[in-house]
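Following: one structure in structure tokens, then a few remarks.
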Amino acid sequence: MHGLARALVNNAVEWRNQGWTRELEIVGIGYRAEMKGKGMVVFSLGYSHPIEYPLPTGVDCAVDAKLTKLTLNGIDRQKVGQVAAEMRSLRPPDPYKNKGVRYSGERLKKEGWQDGSKIALSHQHSAISYFK
């Protein structure tokens with residue numbers, strides 16, 4: 001119990017000064033995000049209309065020069081994570097088309113493939129005909 005309590009207090013003190021950060025990447029041709037004012041993020045994600053996302057108080061957002069990377073900062077870890085999850089849900093990553101909003105460094109696994117090796121077979125092929 002002492003180690004848990006110490007870790008919780010240490011995280012509270014350390015991250016109170018620095019804040020929490022979450023990074024998102026937007027992948028897709030024509031997909032981008034722009035800041036409109038200080039508290040509004042406007043997404044263009046392939047829909048017929050732009051999506052405006054108001055930022056809650058306590059969460060700041062920065063968009064890079066290419067308009068494809070967002071950095072969320074804030075003191076409250078839960079709020080930063082919730083905002084990142086809501087932004088990601090606007091256009092979840094599609095492993096087949098390689099498009100969407102994803103967390104920075106998130107790997108997408110295609111169904112039936114694991115770590116780049118062919119271990120899962122299609123339902124149309126048998127094991128014998130597949131490895132010939």
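Key figures for this structure:
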quantity: Length gained when the stretch N17-M35 is fully extended (0.36 nm per residue, less Cα-Cα span); calculated: 4.0 nm
quantity: Highest average packing first - 40-46, 17-23, 4-10, Cβ atoms within 10 Å; calculated: 40-46, 17-23, 4-10
quantity: At R0 = 30 Å, FRET efficiency that the Cβ-Cβ distance of D76 and H2 yields, to 0.05; calculated: 0.70
quantity: Accessible surface, the range 12-63, averaged per residue in Å² (probe 1.4 Å); calculated: 63 Å²
quantity: Around G74: net Lys/Arg minus Asp/Glu count, Cβ-Cβ under 10 Å; calculated: +1
quantity: Rounded percent of accessible protein surface that carbon and sulfur make up, the range 1-89, 1.4 Å probe; calculated: 55 percent
quantity: Nonlocal amide H pairs with M40, under 5 Å, H built at 1.01 Å; calculated: L55
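The values are calculated or read from the model by the stated rules, or taken from the named source; none is laboratory data. Everything quoted here is computed from the prediction, not taken from an experiment. Counting neighbours? That spans all protein chains shown, and the Cβs are built from the backbone with ideal geometry, glycine included. Calculation scope for accessible area: heavy atoms of the full protein, side chains included, ligands and nucleic acids excluded. Shrake-Rupley method; radii C 1.70, N 1.55, O 1.52, S 1.80 Å.
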